[in-house]
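J.: Sharing a structure, written as structure tokens. Questions coming.
Derivation of every value follows stated rules applied to the coordinates shown; laboratory data play no part. Fair warning: this is a prediction, and the values are worked out from it, not measured in the lab. Positions of Cβ are backbone-derived with ideal geometry, glycine not excepted, and every protein chain shown enters the neighbour counts.
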Amino acid sequence: MENKIAVYPGSFDPITYGHIDVIERSLKFFEKIIVAVSYNTRKKYLFTLEERVNMVKEVFKDRREIEVDSFRGLLVDYLRKKNVYIVIRGLRAVSDFEYEFQMALINRKLNPEIETIFMMPKEEFFYISSSLVKEIAELKGNLSYFVPEIVEKKLREKFS
Ligand code: PNS
């Protein structure tokens with residue numbers, strides 16, 4: 001088992017400053033973070049899996065301590081494949097709690113070796129979510145507080 005590595009799973013549709021803050025904070029505890037972009041056939045995404053992965057890669061280019069990968073199916077199966085059993089999730093408002101608590105416990109039930117660690121993002125990123133970012137992009141609002149330039153460009157292209 002690899003204890004110095006953690007997996008940060010999510011949809012990243014698209015990656016925001018909130019996610020980036022969680023990744024940077026996690027690197028205080030882990031030598032490497034694997035950002036695992038998920039694909040679920042039942043979910044409707046704005047960006048394709050490839051686009052979501054490429055945006056994360058672009059944001060973290062030249063950062064050897066951050067690996068970007070993707071997975072389909074159960075997170076527990078992906079973790080087993082990578083031989084990593086620590087999951088990072090960001091926790092913002094109380095509203096996140098129920099869903100996150102449920103997910104962490106289900107993952108632990110499916111594999112008792114798995115531990116989920118919750119990171120609290122910086123206050124200024126507390127209210128950022130990918131869904132609100134998409135809404136702002138669609139309504140042509142200012143995105144610079146929420147996402148890096150490269151993501152902003154991709155969002156503008158989607159809604160142009
Ligand atoms: O960014 P999101 O959409 O909140 O991320 C949710 C994600 C991808 C971490 C979660 O849906 C997930 O782990 N999906 C993989 C399928 C799975 O393992 N489901 C059971 C966990 S409860």
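J.: Residue by residue, what Karplus-based ³J(HN,Hα) values in Hz, rounded to whole numbers, does segment 78-83 have, using 6.51, -1.76 and 1.60 with θ = phi - 60° and x for Gly and Pro?
T.: 5, 4, 4, 4, 7, 6
J.: Give me the distance between the Cα centres of segment 5-28 and segment 94-160, rounded to whole Å.
T.: Value for the Cα centre distance between the two parts: 9 Å.
J.: Sequence-distant or interchain residues sharing an amide H contact under 5 Å with residue 88, placed H: which?
T.: Long-range HN contacts for residue 88: 7, 8, 117.
J.: Between residue 24 and residue 120, with labels modelled 7 Å along Cα→Cβ, what's the label distance in nm to one decimal, could you check?
T.: 1.8
J.: Right, next: Between residue 54 and residue 32, what FRET efficiency follows from the Cβ-Cβ distance if R0 is 30 Å, with the result rounded to 0.05? Display every interim value, and only then the final one.
T.: On the way: r = 20 Å, r/R0 = 0.67.
Working from the Cβ atoms, E equals 0.90.
J.: Now a separate question. Where does helix 94-110 land angle-wise versus the long Cα axis of the chain, in degrees 0 to 90, nearest 10?
T.: Relative to the chain, helix 94-110 is tipped by roughly 40 degrees.
J.: Identify all aspartates and glutamates with a Cα-Cα distance to residue 32 below 12 Å; exclude those on the same chain that are fewer than 8 residues away in sequence.
T.: Within the straight-line limit of under 12 Å, residue 32 reaches these aspartates and glutamates: 2, 24, 65, 67.
J.: Here is a further query. Suppose every Lys and Arg Cβ carries +1 and every Asp and Glu Cβ carries -1, with no other charges. What dipole size does the chain come out with about its Cα centre, to the nearest 20 debye? Display every interim value, and only then the final one.
T.: Values: 27 positive and 25 negative charges, 76 e Å.
Dipole about the Cα centre, nearest 20: 360 debye.
J.: Taking the chain as a Gaussian network, Cα atoms linked when under 10 Å apart, which of 16, 41, 116 shows the biggest mean-square fluctuation?
T.: It is 41.
J.: With unit charges on the beta carbon (Lys/Arg positive, Asp/Glu negative), name the residue among 48, 160, 33 whose Cα is farthest towards the positive pole of the charge dipole of the chain.
T.: About the Cα centre, the residue reaching furthest to the positive side is 48.
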